[in-house]
Amino acid sequence: MINPTLLPNLPPGTPEMVRQLAWAFAGVMEAIGRAFNGNPRPVVPGMVIFLYVQRTRNRLFRLLANLRAGILPRRRAPGAKRAQGERKAPRIRLPSRKYWLSTEIGWFGRGFSGNIQITLNQPENAAIIAASPQAQRLLRPLCHMLGLEIPAIAALPQRPRKPRPKPPARPRRLTRKEREAILWYPNSERKPMKLLPRRLPRD
């Protein structure tokens, strides 16, 4: 049973896609609360991931409502500075491995995350997602942590790896003959003698 407080207040006439997603997101958030509540050593704090999923859901619903109304999201010009006094939202550090949240929330949460995948893969919904880079940017990290396969979300191009600097070459180890040639040198009598003797021979 899903906690009704996790369901957002949707106005009348809300598309069925949004209603299905609202129900599925509420189930995932309920599973997060069950899995992280009382866990002494969680991967991340439960409240952090709960608020992250909730924030992603709210932004996605707002974006879908604007797209259906014909309102395109505003794009910030590249290199544009933030207004004075405008604060940047703190970045949440989450694990980078795939499926990590799916393994934490168990079978209860995986069932609801599967409903998210089924809803987004419907043809009319997939067309909206594929035509909106903003929606793809919102859903990409969530699908990564839940292990969802959404073909409408284009994969990011792989970044070229920077070549690693080669370590400095180690000096070659001298052979025994080379070491003897450094430690000894021939004198006028052509006899081996130490390189730094206490007294140098007279001419």
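The values are calculated or read from the model by the stated rules, or taken from the named source; none is laboratory data. Fair warning: this is a prediction, and the values are worked out from it, not measured in the lab. Glycine also receives a Cβ, built like all others from the backbone with ideal geometry; neighbour counts cover every protein chain displayed.
General remarks:
- Applying the set (1) exposed (fewer than 12 other Cβ atoms within 10 Å of the Cβ); (2) touching a helix residue (DSSP H, G or I) at 6+ places or on another chain (Cβ under 6 Å) to Pro4 leaves exactly one unmet item: (2).
- Counting the residues of segment 42-63 that are hydrophobic (A, V, I, L, M, F, W, C) and either at pLDDT below 85 or more than 16 Å from Pro8 (Cβ to Cβ) (or both) gives 5.
- Number of the exception - Asn39 against (1) of a type in the set (S, T, N, Q); (2) part of a loop (DSSP other than H, G, I, E, B); (3) exposed (fewer than 13 other Cβ atoms within 10 Å of the Cβ); (4) at pLDDT 80 or above: (4)
The rows are residues; the columns are (1) assigned to a helix (DSSP H, G or I); (2) of a type in the set (A, V, I, L, M).
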{"position": "Asn125", "(1), (2)": "yes, no"}
{"position": "Ile129", "(1), (2)": "yes, yes"}
{"position": "Met145", "(1), (2)": "yes, yes"}
{"position": "Glu149", "(1), (2)": "no, no"}
{"position": "Gln158", "(1), (2)": "no, no"}
{"position": "Arg164", "(1), (2)": "no, no"}
{"position": "Ala169", "(1), (2)": "no, yes"}
{"position": "Arg173", "(1), (2)": "no, no"}
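- Of the candidates Gln117, Gln84, the single residue that is of a type in the set (S, T, N, Q) and either modelled with pLDDT of 90 or more or in contact with a strand residue (DSSP E or B) (Cβ under 8 Å, 6 or more places away or on another chain) (or both) is Gln117.
- Hits in segment 97-132 - residues which are of a type in the set (A, V, I, L, M, F, W, C), more than 16 Å from Leu67 (Cβ to Cβ) and buried (at least 20 other Cβ atoms within 10 Å of the Cβ): Leu101, Ile105, Phe112, Ile116
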